[in-house]
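Take a look at the structure set out below.
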2 protein chains.
Amino acid sequence: MPDTAINLQEKLARFSEHWSPRVIAEMNDYQFKLAKVLGEFVWHSHADTDEVFIVLAGEMVLEFRDRSVALAAGEMYVVPRGVEHRPVASSECSIMLVEPRGVVNTGDAGGAYTAPNDIWV
Amino acid sequence: MPDTAINLQEKLARFSEHWSPRVIAEMNDYQFKLAKVLGEFVWHSHADTDEVFIVLAGEMVLEFRDRSVALAAGEMYVVPRGVEHRPVASSECSIMLVEPRGVVNTGDAGGAYTAPNDIWV
């Protein structure tokens, strides 16, 4: 059990790669991850779980097949399981993701954006 | 599925009671709750689950029987299941809690600070 809190800005300062989530904490079998995003990600879905996006700095858009939802710093959104989505950021955006341990960033889509899983920072 | 993001400041502005968590989102069987805290809460623990504290504004201390952990805005901490803790804030502090649906704020302790559960804002 750590003696100090987890500082989100301090953790964000430790990496610069885009679309490469870093785990900062675990709660039961869930993980809290930080990521920096820029540009258009791949369309994908997660069949078995919802996924939470919380924007820490900057802004991004969650594109769905039937709508787009804009998120700015201090805003969050729950992507329901099975729903195709594509995160897009026109300038760099820092986010926190909350989802079960083992979720892969590209879900069912795979491809070049698939990041190593369970990398801590 | 909502058309807009959840804005944390907008949700915080909707209530003023202390120690009375309000649900703002669900992910699988977990809930994201906002709370405003001030003063000393009761010592308690949650036997069956970890509990995440994220400070959104202000600062607070998580007291444990063997240590104290200070949290400021932009910091988080995971209280492990079964560990006695007491949140304390010397001035008003706004936090987000993440924990399974059904967790009661006072855990095993009960008493006057026990808040109604599953109240959305």
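The values are calculated or read from the model by the stated rules, or taken from the named source; none is laboratory data. Keep in mind it's a predicted model, so treat the numbers as computed, not measured. In this analysis, Cβ positions are derived from the backbone assuming ideal geometry, glycine residues included, and neighbour counts consider all displayed protein chains. Heavy atoms of the whole protein, side chains included, go into the accessibility calculation; ligands, DNA and RNA do not. Shrake-Rupley method; radii C 1.70, N 1.55, O 1.52, S 1.80 Å.
Here are some notes:
- Value at 222 nm in deg cm²/dmol, rounded to 500, when DSSP H runs of n ≥ 4 in the protein assembly as shown each add -39,500 (n - 2.57): -1000 deg cm²/dmol
- The accessible area of B:TYR77, taken with all protein chains in place and a 1.4 Å probe, comes to roughly 0 Å².
- The alpha-carbon of B:LYS36 sits under 25 angstrom from the alpha-carbons of these lysines, leaving out residues fewer than 8 places away in its chain: A:LYS33, B:LYS11.
- Where B:ILE95, B:ILE6 fall by accessible area, highest first, once all protein chains stay in place (1.4 Å): B:ILE6, B:ILE95
- For B:THR114, the accessible surface of its heavy atoms amounts to roughly 60 Å² (probe 1.4 Å, protein chains only, rounded to the nearest 10).
- Residue-level accessible surface for A:LEU38, protein heavy atoms, 1.4 Å, Å²: 70 Å²
- Highest-fluctuation residue, B:ASP50, B:ASP108, B:ASP66 considered, GNM on chain B with Cα pairs under 10 Å: B:ASP66
- Taking the Cα atoms of the protein assembly as shown, the ratio Rg/Rh between the radius of gyration and the Kirkwood radius comes to 0.96.
- The residues neighbouring B:SER20, those whose beta-carbon lies less than 11 Å from its own, together hold a net charge of +2 under the Lys/Arg +1, Asp/Glu -1 convention.
- The stretch B:15-100, dipole about Cα centre (Lys/Arg Cβ +1, Asp/Glu Cβ -1), debye to the nearest 20: 120 debye
- Chains B and A together bury some 3000 Å² of accessible area, summed over both sides, with a 1.4 Å probe.
- Annotation for A:GLU84, label-to-label distances across the other copies: 5.5 nm (shortest first, one decimal, point 7 Å from Cα along Cα→Cβ).
- Take B:GLU26, push a point 7 Å out from Cα through the beta-carbon direction, and compare it with the same point in every other copy: 2.7 nm, smallest first.
- Shape of the stretch B:15-100, Cα gyration tensor, a/c cut at 1.5: oblate
- Tensor-based shape of the stretch B:54-121 (alpha-carbon gyration tensor, a/c under 1.5 rounded, otherwise prolate or oblate): oblate
- Here the stretch A:99-121 and the stretch A:5-32 have alpha carbon centers that stand 13 Å from each other.
- In sequence order, the stretch A:29-43 has phi-based couplings of 9, 10, 10, 9, 10, 9, 8, 10, 10, 7, x, 9, 7, 8, 5 Hz under the Karplus curve 6.51 cos²θ - 1.76 cosθ + 1.60, θ = phi - 60°, and Gly or Pro positions carry x.
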